[in-house]
Amino acid sequence: MSFEIPDVMPALPEIFILSMACIILVVDLFLSKTSRGASYMLSQATLIIAVLITVATFSEASVLSFSDTFVRDGIADVLKIAVYIATFMVFLYAKDYLKDRGLFKGEFYTLGLFAVLGMMILISAHNFLTIYLGLELLSLSLYAMVALHRDSIQASEAAMKYFVLGAIASGMLLYGMSMIYGITGSLDLAVISANAANVSDNIVLIFGIVFLLIGVAFKLGAVPFHMWVPDVYQGAPTAVTIFIGSAPKLAAFAMLMRLLMDGLGSVSAQWQDILILLVLLSLAVGNIVAIAQVNIKRMLAYSTISHIGFLMLGVVAGTEEGVSASMFYAITYTLMSLGGFAMIILLSRKGFEAEKLADFKGLNQRSPWYAFLMLILMFSMAGVPPFLGFWAKLSVLSAVISVDLVWLAVASVIFSIIGAFYYLRVIKIMYFDKAESSEPIHCSKDMSLLISVNAFAVLLIGLFPGGLLSLCLNVVSAS
Amino acid sequence: MFEDMQTVYIWIVLAPLIGAIIAGLFGKVVGRTGAHIAAIAGVAIAFILSLYVFKDIVIDGAQAFNGAVYTWLVSDGVRFEVGFLIDSLSAMMMVVVTFVSLMVHIYTIGYMKDDDGYQRFFSYIALFTFSMLMLVMSNNFLQLFFGWEAVGLVSYLLIGFWYKKPTAIYANLKAFLVNRVGDFGFLLGIAAVLMYFGSLDYATVFNNVDKVNNLTMSIIPNQDWSVITVICILLFIGAMGKSAQIPLHVWLPDSMEGPTPISALIHAATMVTAGIYMVARMSPLFELSTTALSFVMVIGATTALFMGMLGLVQNDIKRVIAYSTLSQLGYMTVALGASAYGAAVFHLMTHAFFKALLFLGAGAVIIAMHHEQDMRKMGGLRKYLPITWFTSMIGSLALIGTPGFAGFFSKDSIIEAVGHSTIPGASYAYFAVLAGVFITALYSFRLYFMVFHGKERMDEHTRSHLHEPSWVVTLPLILLAIPSVVIGYLYVDSMAFGNFFGDAIFVLPQHDVLGEVAKMFAGASSIAWAMMLHSVFTLPFWLAASGVATAWFLYMKRPDIPAVIQQRFSLIYTILINKYGFDRFNEIVFAGGSRAIGKICWRYFDVKLIDTFVINGSAKTVGWVSLILRRMQTGYLYTYAFAMIVGLCGLLLIFVYPLK
């Protein structure tokens, strides 16, 4: 048996992130409390260089490596770049929050970078084992991050719940993988796809798909495997919530796409109905329960659940158009959710968490500019044209309509109309209610700048959506 | 000079927009001076670039530009985009709009100097300039509609600029509601265009008129209507709202509640002419429907005559000019109906200059009189305000059509053209426009004599403070007076009778009334001179002269007579002072009627059916469901794990079990 040295070039960004995470881990040991900023700067530099590496090596062609367990294609590159940028924004948004609460530690950054590595592996997975590897690396980092605030009972409780439920979901995912391995005889996604079409025993196949989908649905937070989402979003420090709520969604989308399109694309009829059910449940529960929330972090958690419903809608279509629409949705949603949570961080300060909806009352009187930014974000999440969220919804809906599932599109629109209520309520509270506190809002220059850029990106990409839309379509159809 | 004309076009619209944003959003930061510098700079850039475009298109004869600069979305083959159509028609409109706007901007520095809303005002008028430019430069119906609504919005905001004044709020609400009626027709018209042509692009629509020309639609069963006629009339209803034609004219006189600079800019020179511009732009459609043209002509003629008559009994200086504007818009509309599009747009241009001049002159008088607008308290202002007096005289002479002045050429072209028209309603229209000449001269010089000549009727305090306003006010008056004199002479040959507009305007050979008129002057080297020489032998000249003479007799020679006339003909006077009862009628029938219907709907449908059943019912259901689901979120780990297991079993039950 000969051992071939794999081509490591496709995995250059992964190797870079891994090395840097280790270096930061070591460097951080020698830093005094006052010079902790160095870890932060190093992490940010790592992400920026990672963007440069990926952009420099970008190509739409797909390359397999590491005995076909790893794939680097256009989709992977675009999603990875989105992950780096999202994480960069998270680190920046989180900085002051962490400092104020004595959480400004190297662990946040090393765990964050390991999570990024997990996401990258997940995005580039071409084998059940790589998928599982990436998923676990990501999840374990996130569990630890949720518990970062050790003294907080809430955070520890949330981390415990997340960990136990995550373990159950991982178990189910593994079980589903073993079923499918059993009937297709391979762990390689391409081989599975080829063999699955000729499987005689549909029962085992669907049995496996159900378990597999539960694993993905848990990671995405789709109903009825969503229970952890609100508790973790609320319990975790906001700086961690903003991380969980943004970049990992891109990885979860990649996981869904790799498993269902790359791995089980040939038997899409078998999983389409299951996915439709999950979509409908997520849209219904997410939108309706969000209305009853008074805690804005919980509200955004349920809003995430409903957005996940929309995100899966494109994959339901099973076409190139649908997958690219979902990808667009994932990127869009990440951008909006970063802005939304950043606003919460912005309004919080030492000893005070702006978690209640009521904390947004009369924001317009306290700071018209931030109120305006939040207005852009909320309109966009509700899907009001011309903001970015409108295009995301429009593209998944048109993908669904083009495969003749008009009823599903109509149902989705109805739920999103119900959902518009709680976004608009935030706007109403900001503009029409009287402010309860007249304290001016303090925040550092860099955060203020980034949050403005973030909200305006939502507006500007909404006005000129063509570039991002066609980028998504190009990379999806090229792979 | 510029490599790419497209960049020039984009900057023409962007410059005022940037000015508006700076003055509006950063008004506090940049201060009063900063705000007016930003707004004026924006409009000045637009004006200079418009002149350059005018030179390029009209003087150098460059190819017309038609193209999209930004596509927002393509839905089902229909493109929603921002695009420009720059030909001689839009180039001329751009110059007129930006020039008058620039004058008004400068004037505003003086007029609004003590107002708290100084920056807000500059922001609005710069925004108006942007919207109006979007409207005239558009190459598609959607952008036209955007500009149409945007100018309407700014007009609404400016009429109610002094938002603490109840009459201003009433007036802007009225303008808003009446324009809604017109815009509804306009929108239906655009929808009909989209439905039958499948495109909103001007060029595509005009190139396909032949395919739609013979189609009919039946809205009422067994009644076949020509599609083109329906489209044209619907579009024209939009124009009736914006250009204040009977019966949708009621908002314009009330709009005088706004500050005078905007009366000049929006409610006289530019926005209200948008309807005229739109119909001229749509000439390839309107030409195909004689019915629509007749409709246009009759409406215009009625407005021209009857609205002018109302100017005779008004005592508020701005309202007299407002009714004059209505009447002149009527003239333009008549010209459109007669297919004399060139003359209509020509009159639009000359009118923009002299009417803006008259309004700004009235504004100067109002400042000098400390915001007194009643002409009965003025008189003899000539010696106190010499520049205002002289420029207002030029404006009035241009308005009544004194040979040689701008209004003469455009108005006489219209009258002659209507005289040659043969479509139904033309003879009525001819009578109306002729009679209108006398009326115009009478009310114009009534105003002129009452304000600038005769006895000084103001109180002593006001008199002692009378003086000419500062140069920022008088300079625009002088700059507007120049085109009010010469522009007609310069452009009558090419615009009214020549080939100025080229392909921008389309006239069927059998409708070419201006061509017929031009034949009268065949052989003359300059139609302008021929018209002036000829005018002494025509009715309009003598009608105008007798109008002036009557005004002089009634208000200078025997100022006691008007009161006697008023008593003798009290019935007519009552009708006129009540503006033919349009306001009362609207108040009772439309406002009252819709309030009554609203009340019924509210009481029976809204409260009983919708509120209790649909709204509260569904809200309660949603609230109830969400409460239950929230209860399920217990916070206990085992509940969550259990939910996952239930989910798993459910999925297996639904998807795997049936395969057994």
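Just so you know, all these numbers are worked out from the coordinates, no wet-lab data involved. Source: prediction; values computed, not measured. Ideal geometry is used to build each Cβ from the backbone, glycine not excepted, and the neighbour counts take in all protein chains shown.
For this structure, a couple of remarks:
- Near A:Asp73, the amide H atoms lying under 5 Å from its own belong to A:Val63; only residues 5 or more places off or on other chains count, and H is placed 1.01 Å from N.
- Footprinting exposure proxy for A:Asp151, B:Asp316 (fewest neighbouring C-beta atoms within 10 Å first): A:Asp151, B:Asp316
- Neighbour counts of C-beta atoms inside 10 Å place B:Tyr428, B:Tyr9 in the sequence B:Tyr428, B:Tyr9, starting with the fewest.
- Annotation: for a label point projected 7 angstrom from Cα along Cα→Cβ of A:Val294, residues of the range A:404-425 with backbone N closer than 19 Å are A:422-423, A:425.
- Taken one residue at a time, the phi angles of the range B:260-270 give Karplus couplings (6.51, -1.76, 1.60, θ = phi - 60°) of 4, x, 7, 4, 5, 6, 8, 9, 9, 8, 10 Hz. Gly and Pro are set to x.
- The A:Ser19 and B:Ile59 beta-carbon pair, evaluated with R₀ = 56 Å, returns a calculated FRET efficiency of approximately 0.25.
- Degrees, to the nearest 10: B:341-368 long Cα axis against longest axis of chain B: 80
- Considering only the Cα atoms of the protein assembly as shown, their convex hull presents on average a projected area of 54.0 nm².
- Each of A:Phe211, A:Phe387 has some number of other Cβ atoms within 10 Å of its Cβ, and from fewest to most they run A:Phe211, A:Phe387.
- Tail beyond 41 Å, pair distance distribution of chain A (Cα, percent): 13
- Span from the the range A:283-301 Cα centroid across to the the range B:602-660 one, whole angstrom: 13
- Between amide H atoms placed 1.01 Å from N, distances below 5 Å from B:Trp225 occur with B:Met217, B:Ser218, B:Ile219, all of them 5 or more places distant or on a separate chain.
- The range A:59-132 versus the range B:507-570: alpha-carbon centroid distance in Å: 82
- Distance from the range A:190-235 to the range B:1-34 (C-alpha centre basis), Å: 55
- Taking amide H as placed 1.01 Å from N in the peptide plane, the amide H of B:Trp72 sits under 5 Å from that of B:Phe80, B:Glu81, B:Val82, each at least 5 places away or on another chain.
- Each Cα pair under 8 Å and six or more residues apart adds its separation to the average, and for chain A the resulting relative contact order is 15 percent.
- Restricting the range A:362-434 to trypsin sites (Lys or Arg not before Pro) that sit in a DSSP loop and have at most 10 other Cβ atoms within 10 Å of their own Cβ leaves A:Lys434.
- FRET efficiency for the B:Asn207 to B:Ile654 pair, using the beta carbon distance and R₀ = 45 Å, is estimated at 0.20.
- Rounded to whole numbers, the Karplus 3J(HN,Hα) couplings from phi for the range B:213-230 are 3, 9, 6, 10, 10, 10, 7, 9, x, 6, 10, 8, 10, 5, 4, 4, 4, 4 Hz, using 6.51 cos²θ - 1.76 cosθ + 1.60 with θ = phi - 60°, and x at Gly and Pro.
- Of the residues B:Leu659, B:Gln510, B:Phe445, the one whose Cα sits farthest towards the positive end of the charge dipole of the protein assembly as shown is B:Phe445 (charges of +1 on Lys and Arg Cβ, -1 on Asp and Glu Cβ, taken about the Cα centre).
- Residue by residue along B:643-653, Cβ atoms of other protein chains within 10 Å of the local Cβ number 6 on average.
- Entries of A:Lys33/A:Lys249; A:Lys350/A:Lys393; B:Lys28/B:Lys318; B:Lys318/B:Lys455; B:Lys174/B:Lys355 with Cα pairs more than 26 Å apart: A:Lys33/A:Lys249; A:Lys350/A:Lys393; B:Lys28/B:Lys318
- Kyte-Doolittle mean at least 1.6, axial Cα span of 24 Å or more - DSSP H helices of chain A: A:12-29, A:37-56, A:106-123, A:128-146, A:202-220, A:268-291, A:406-432, A:445-463
- FRET efficiency, 1/(1 + (r/R0)^6) with R0 22 Å, evaluated for B:Ser594 and B:Ile615 via beta carbons: 0.45
- Phi-derived couplings, Karplus 6.51 cos²θ - 1.76 cosθ + 1.60 at θ = phi - 60°, listed residue by residue for the range B:293-301: 4, 4, 4, 4, 5, 5, 4, x, 5 Hz, with x used for Gly and Pro.
- Whether chain B is rounded, prolate or oblate, judged on the alpha carbon gyration tensor where a/c under 1.5 counts as rounded: prolate
- Pairs spanning more than 27 Å between alpha-carbon atoms, out of A:Lys428/B:Lys242; B:Lys164/B:Lys383; A:Lys356/A:Lys445: A:Lys428/B:Lys242; B:Lys164/B:Lys383.
- Per-residue ellipticity at 222 nm, computed for chain A from helices alone with -39500 (n - 2.57) per DSSP H run of at least four residues, works out to -25000 deg cm²/dmol.
- Note on B:627-633: average number of Cβ atoms from other chains within 10 Å of each residue's Cβ is 5.
- Tensor-based shape of the range A:395-473 (alpha-carbon gyration tensor, a/c under 1.5 rounded, otherwise prolate or oblate): oblate
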